[in-house]
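A short worksheet on the structure shown next.
The values are calculated or read from the model by the stated rules, or taken from the named source; none is laboratory data. Since the model is a prediction, treat every value here as computed from it, not as a measurement. Here the Cβ positions follow ideal geometry from the backbone for every residue, glycine too, while neighbour counts run over all protein chains shown. Surface areas here come from the heavy atoms of the whole protein model, side chains and all, with no ligands, DNA or RNA. Shrake-Rupley method; radii C 1.70, N 1.55, O 1.52, S 1.80 Å.
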Amino acid sequence: MNRGLRWAFNTSIWSPTKEEWVLACSCIQAEEKERISGFVHAKDAKLSMGGRLLIRRALVQLLGLPNTAIKLTRGDRNKPELVGNDNVQFNVSHDGCYVVLAVEQNRKVGVDVMQMTRRVGASSTAEFFRQMNRQFTEREWQCILREDTEKSQLATFFRLWCLKESYIKAIGRGIGIGLQHMEFTLSPLTWNQSNTITGSTLTLDGVVVNEWTFEESYLDNEHCVCAAVCCHDNNSPNKFIEVNITDLLTSLKPLHTPNQLDYDKYFTKL
Ligand code: COA
Ligand code: MG
């Protein structure tokens, strides 16, 4: 594989049937099924399930192995990893109604998706920005607040958020890295729903980090996404491809016997 893989799954158009949910639960590892059954809201269970299915479906395709031969674990700081093969790197992210997956071979990769309208726990955008003050540097805040409308300020906020998170998730270090040491300069390129741009750059303590590429795009008019990759050897960035539940469940063989009770647990969350 010389190109990476970028998949997006819109969970808002998936209302799991009993058969689909039971099959999905049987295709993931027991501890992940257990974790997902612990979510209070069906929406969160669907997003997290989507992530597991995306990973498994992609690995089946890339490695040419059956689902039953794929063993996943969680490494340092909970990051999902493939057991017995360090060459394939992958990462998932979920927010709003999307789950996304980015896969690379022999390259570090991290991905983050954000719904650009969401202001969790704040009554206004100004209040939200106050709460998030420490997430960005002074220069990054200038870049956000320079925008004319509240909507475009939020869009720039979440764009910078995705850039930071995608890098943090790629290196697997968590926000312990110190957000004030990282600073992004946004690409001036025009960005719309049909292109992917890579001109944004990262500096760490003032030093430009050249070996990383940040692929930014929109999934729709509400969700922005960024994949951070080290080190790219081509200039044409990957585009996210939409996959649906049939694409995901096709060619995934159960790891254990399907259990009808899994749907009952899901149904109580609805
Ligand atoms: N590194 C990379 N990926 C990780 C990870 C880690 N340490 N831990 C979990 N993941 C994967 C998992 O697949 C997880 O999904 P799952 O639990 O359903 O399997 C997925 O990433 C979650 O990613 P996302 O949906 O983007 O969640 P998040 O943005 O809420 O959290 C963290 C991402 C946990 C990895 C971490 O970066 C974090 O704590 N962020 C805090 C937010 C913040 O302040 N960010 C600053 C941005 S300016
Ligand atoms: Mg995130």
* Structure fact -> Taking only the alpha carbons of region 55-130, the radius of gyration and the largest Cα-Cα distance, Dmax, both in angstrom, are 16.5, 50
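Just to confirm a number: summing +1 for Lys and Arg and -1 for Asp and Glu over residues other than Met116 whose beta-carbon lies under 9 angstrom from that of Met116, what do you get?
Details: positive: Arg118, Lys151, Arg159; negative: Glu222.
Around Met116, the surrounding residues sum to +2.
With the full set of protein chains in place, find how many percent of the accessible area of region 189-250 is carbon and sulfur; take the probe as 1.4 Å.
Accessible surface attributable to carbon and sulfur in region 189-250 totals 49 percent.
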* To do: Could you check which residue among Leu59, Leu163, Leu219 shows the biggest mean-square fluctuation in a GNM of the chain with a 10 Å Cα cutoff?
  => Leu59
* Asked: For Trp7, what charge total do you get from the other residues with a beta carbon under 11 Å from its beta carbon, if Lys and Arg give +1 and Asp and Glu give -1?
  -> +1
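In Å², and per residue, what accessible area does the chain have when probed at 1.4 Å with the other protein chains present?
Per-residue value: 48 Å².
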* Using a 1.4 angstrom probe on heavy atoms only, work out the carbon and sulfur share of the accessible area of region 74-127 in %. => 40 percent
* May I have the pair-distance distribution P(r) for the chain, computed from all Cα-Cα distances with 5 Å bins from 0 and rounded to whole percent? => 1, 6, 13, 17, 18, 16, 13, 9, 5, 2, 0, 0
* Alpha-carbon Debye profile of region 1-120, log10 I(q)/I(0) at 0.14 Å⁻¹ -> -0.60
* Using a 1.4 Å probe on the protein chains only, how many percent of the accessible area of region 1-53 belongs to carbon and sulfur? -> 56 percent
* With only alpha-carbon atoms counted, please give the Rg and Dmax of region 150-270, in Å. => 18.7, 55
